[in-house]
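Q: I am attaching a structure below and will ask some questions about it afterwards.
The values are calculated or read from the model by the stated rules, or taken from the named source; none is laboratory data. These figures come from a predicted structure and were not determined experimentally. Cβ placement follows ideal geometry from the backbone for every residue including glycine, while neighbour counts extend to all protein chains displayed.
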Amino acid sequence: MGKVLYFLKTKKVKDMNEQACKELQALWEELKKFKFDVTWLEPLVESSLATRSYVEKALEAEKLKEYMVVLELEIKRVKTKLDVVEVNRDVERDLLKEKDFKEISLDSELGCGNWRPKIHS
């Protein structure tokens, strides 16, 4: 019984990986062989064994938070790049207007006479 109590006293939730759960399970099975009345201890052991899935989920959540930070930084980087592209597009558009080019839609029909390319000779 001392080993089980010592295990429960010294281990932290974060320590409850697969190996620790196996160790506690083995200690618990060994203790139950002696037929002591340990019903008062059973809920503590069971909840300690159940923390493994909690620890795994908490670690996964932590990884997801880190991934979200990386994605948020990537979003900021891409937005900055988009802003630069939009400024460059506006500058190019203004330069073309100065040269008397007219903006047309690439979806315009060719035969409608909506536009005429400027031919420089």
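Q: Go through segment 15-25 residue by residue and tally those that are surrounded by 12 or more Cβ atoms within 10 Å (Cβ to Cβ) and more than 11 Å from L49 (Cβ to Cβ).
A: Residues in segment 15-25 being surrounded by 12 or more Cβ atoms within 10 Å (Cβ to Cβ) and more than 11 Å from L49 (Cβ to Cβ): 2 in total.
Q: A further question on this structure: Scan segment 84-104 residue by residue and report those that are among the basic types (K, R) and more than 38 Å from the chain's Cα centre (by Cα).
A: Listed by number, the residues that qualify are R93, K97, K99, K102.
Q: Can you find a residue that is at pLDDT below 90 and loosely packed, with under 11 Cβ neighbours inside 10 Å anywhere in segment 65-83?
A: Scanning segment 65-83, I find no residue that is at pLDDT below 90 and loosely packed, with under 11 Cβ neighbours inside 10 Å, so the answer is no.
Q: Starting from segment 93-107, take each residue that is at pLDDT below 80 and list its partners that are assigned to a helix (DSSP H, G or I) and among the charged types (D, E, K, R), counting only C-beta distances under 8 angstrom and pairs at least six apart or across chains.
A: From segment 93-107, the pairs are E103/R93; E103/K97.
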